[in-house]
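Colleague: A single structure is presented below for examination.
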Amino acid sequence: MEKMRIDRYFSSQEICSRREIKEALRKGLVMVNGTVIKQADFKINPESDEILLSGKRIGFEPYVYYMLNKPQGVVSATEDKKQKTVLDLIPPELYRSDLFPAGRLDKDTTGFVLLTNDGDFAHRILAPKSHIEKTYHVGVIHEITQADIDTFAQGITLKSGEHCLPAKLRKLSDGNDGLTICEVIICEGKYHQIKKMFEARENKVVTLRRVRMGKLWLDETLPEGGCRPLNKDECVLIADLDRV
Ligand code: URA
């Protein structure tokens with residue numbers, strides 16, 4: 001990696017503003033490889049230099065990956081004039097302006113959204129040929145039948161005439177309000193796919209929650225609306241996500 005000015009590095013990583021870094025440099029709060037640095041144009045290598053701000057190590061993280069437990073009523077977009085977006089749920093200390101959701105959920109769908117600033121990665125996992133499995137928990141109004149299971153397994157044809165790849169369907173439980181709760185595993189991401197798959201079987205989706213993307217499961221301890229960076233184990237799994 002090329003060397004860069006320390007003030008540019010701090011602002012590009014959104015660690016602090018150019019004005020704040022100037023202040024920190026002036027106060028002698030910045031150390032590079034054990035030496036106090038006071039010049040804003042001091043050149044650093046963010047990958048190999050040890051950079052401390054007020055004694056705290058600053059690491060270079062070109063790419064970040066966050067897990068979000070999306071509540072209902074939030075749109076999977078980076079901006080919207082009227083509605084709350086998934087980016088509005090990111091805690092200020094984790095927020096970066098280059099984040100976006102890798103894959104969309106409908107406004108009324110809840111559960112696992114992966115947020116990242118890694119465009120290549122997102123492109124790979126969202127490519128139609130990537131076939132990453134996604135697991136959903138779905139509440140539908142009618143009981144599911146063996147014919148539903150078989151049709152999903154063969155690859156259902158939607159009312160629009162569009163064909164879907166084989167999908168797995170199984171009943172999990174009888175839910176509240178007379179709903180049947182089932183698990184559906186699909187490996188593509190057509191618009192409103194799960195809703196349309198049940199519609200093709202004259203059934204109706206009332207609740208929809210994504211709980212898995214590839215090898216990554218939604219952390220059930222993450223509250224609705226909660227967002228956190230993937231932990232080390234999950235980062236290992238994410239590296240494999242596009243190879244599932
Ligand atoms: N299928 C849908 O119908 N909606 C979603 O949000 C995700 C999958």
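The values are calculated or read from the model by the stated rules, or taken from the named source; none is laboratory data. Just so you know, these numbers come straight off a predicted model, no measurement behind them. Glycine also receives a Cβ, built like all others from the backbone with ideal geometry; neighbour counts cover every protein chain displayed. Remember, those area values only see protein heavy atoms, side chains included, never the ligands or the DNA or RNA. Shrake-Rupley method; radii C 1.70, N 1.55, O 1.52, S 1.80 Å.
Colleague: Which of the residues that make up region 5-34 are hydroxyl-bearing (Ser, Thr, Tyr) and in contact with a strand residue (DSSP E or B) (Cβ under 9 Å, 6 or more places away or on another chain)? Walk me through how you get there before you give the answer.
Modeller: Residues of region 5-34 hydroxyl-bearing (Ser, Thr, Tyr): 9, 11-12, 17.
Of everything in region 5-34, those that are hydroxyl-bearing (Ser, Thr, Tyr) and in contact with a strand residue (DSSP E or B) (Cβ under 9 Å, 6 or more places away or on another chain) turn out to be Tyr9, Ser12.
Colleague: Among residues belonging to region 203-234 that are in a loop (DSSP other than H, G, I, E, B) and open to solvent by less than 40 Å² (accessible area, probe 1.4 Å), point out the one that is farthest from the ligand (Cβ to nearest atom). Give the steps one after another, and end with the answer.
Modeller: At the first step, the residues of region 203-234 found to be in a loop (DSSP other than H, G, I, E, B) are 203-204, 214-215, 218-226, 230-231.
Going one step further and asking which of them are open to solvent by less than 40 Å² (accessible area, probe 1.4 Å), we end up with 203, 214, 218-219, 222, 225-226, 230.
Values: Asn203: 13, Gly214: 15, Leu218: 14, Asp219: 19, Leu222: 18, Gly225: 17, Gly226: 19, Leu230: 21 Å.
Out of the qualifying residues, it is Leu230.
Colleague: Are there strands (runs of 3 or more DSSP E) fully within region 45-123 with at least 3 residues that are open to solvent by less than 80 Å² (accessible area, probe 1.4 Å) and within 23 Å of Glu23 (Cα to Cα)? List them. First the steps, then the outcome.
Modeller: On the way: elements: 51-53, 56-58, 65-70, 110-116.
The qualifying strands (runs of 3 or more DSSP E) are 51-53.
Colleague: Could I ask something else about it? Within the group Lys22, Lys38, which residue is outside any loop (DSSP other than H, G, I, E, B) and either open to solvent by 90 Å² or more (accessible area, probe 1.4 Å) or farther than 12 Å from Leu53 by Cα (or both)?
Modeller: Details: Lys38 fails: outside any loop (DSSP other than H, G, I, E, B).
The match here is Lys22.
Colleague: Going by what's in this entry, would His131 be described as without any contact (Cβ under 8 Å) to a residue 40 or more places away in the chain and not in a strand (DSSP E or B)?
Modeller: Numbers: without any contact (Cβ under 8 Å) to a residue 40 or more places away in the chain: no; not in a strand (DSSP E or B): yes.
So His131 does not fit the description; no.
Colleague: If you don't mind, there's one more thing I want to ask. Mind checking which pairs have a first residue in region 181-202 that is assigned to a loop (DSSP other than H, G, I, E, B) and a second that is more than 12 Å from the ligand (Cβ to nearest atom), Cβ under 6 Å, 6 or more apart or different chains?
Modeller: Cys187/His131; Cys187/Glu133; Cys187/Leu165; Glu188/Leu165; Ala200/Ile156; Ala200/Lys159; Arg201/Asp148
Colleague: Let me ask something additional. Of the numbered conditions (1) within 16 Å of the ligand (Cβ to nearest atom); (2) in contact (Cβ under 8 Å) with a residue 24 or more places away in the chain, Lys168 satisfies every one except a single condition; which is it?
Modeller: Of everything listed in (1) within 16 Å of the ligand (Cβ to nearest atom); (2) in contact (Cβ under 8 Å) with a residue 24 or more places away in the chain, Lys168 misses just condition (2).
Colleague: Taking region 170-193, which residues are loosely packed, with under 15 Cβ neighbours inside 10 Å and of a type in the set (Asp, Glu)?
Modeller: Answer for region 170-193, where residues must be loosely packed, with under 15 Cβ neighbours inside 10 Å and of a type in the set (Asp, Glu): Asp174, Asp177.
Colleague: Of the residues Leu126, Leu105, which is within 15 Å of the ligand (Cβ to nearest atom) and out of contact with any strand residue (DSSP E or B) (no Cβ under 8 Å at 6 or more places or on another chain)?
Modeller: Values: Leu105 fails: out of contact with any strand residue (DSSP E or B) (no Cβ under 8 Å at 6 or more places or on another chain).
After applying the criteria, what remains is Leu126.
Colleague: Look through region 137-158, keep the residues that are open to solvent by 60 Å² or more (accessible area, probe 1.4 Å) and in a loop (DSSP other than H, G, I, E, B), and return whichever of them is farthest from Thr180 (Cα to Cα).
Modeller: The qualifying residue farthest from Thr180 (Cα to Cα) is Thr145.
Colleague: Quick check on region 67-85. Is at least one of its residues touching a residue at least 12 places away in the same chain (Cβ under 8 Å), touching a Pro at 6+ places or on another chain (Cβ under 7 Å) and farther than 26 Å from Met31 by Cβ? Before you say what the answer is, go through the steps one by one.
Modeller: First pass over region 67-85, keeping only residues touching a residue at least 12 places away in the same chain (Cβ under 8 Å): 67-78, 83.
Adding the requirement that they be touching a Pro at 6+ places or on another chain (Cβ under 7 Å) leaves 69, 76.
Pick out the ones that are also farther than 26 Å from Met31 by Cβ and you get 69, 76.
Yes, the conditions are met somewhere in region 67-85.
Colleague: Got a sec? Which of Ile141, Ile132 is under 15 Å from the mean Cα position of the chain (by Cα) and closer than 22 Å to Ala167 by Cβ?
Modeller: Working: Ile141 fails: under 15 Å from the mean Cα position of the chain (by Cα).
Residue meeting the stated conditions: Ile132.
Colleague: Mind listing just one residue for me: the one in region 2-19 that is open to solvent by 30 Å² or more (accessible area, probe 1.4 Å) and of a type in the set (D, E, K, R) and, of those, nearest to Pro91 (Cα to Cα)?
Modeller: Glu14
Colleague: Any residue in region 211-232 that's farther than 21 Å from Asn117 by Cβ: show its pairings with residues that are part of a strand (DSSP E or B) and of a type in the set (Val, Ile, Thr) at Cβ separation under 9 Å, as long as the two are six or more apart or on different chains.
Modeller: Pairs that qualify, where the first residue is farther than 21 Å from Asn117 by Cβ and the partner is part of a strand (DSSP E or B) and of a type in the set (Val, Ile, Thr), are Val211/Thr135; Arg212/Thr135; Arg212/Ile185; Trp217/Thr135; Trp217/Val211; Glu220/Val211; Glu224/Thr110.
Colleague: With respect to Lys196, is the statement that it is of a type outside the set (A, V, I, L, M) and open to solvent by 70 Å² or more (accessible area, probe 1.4 Å) true?
Modeller: Details: of a type outside the set (A, V, I, L, M): yes; open to solvent by 70 Å² or more (accessible area, probe 1.4 Å): no.
No; evaluated as a whole, the condition is false for this residue.
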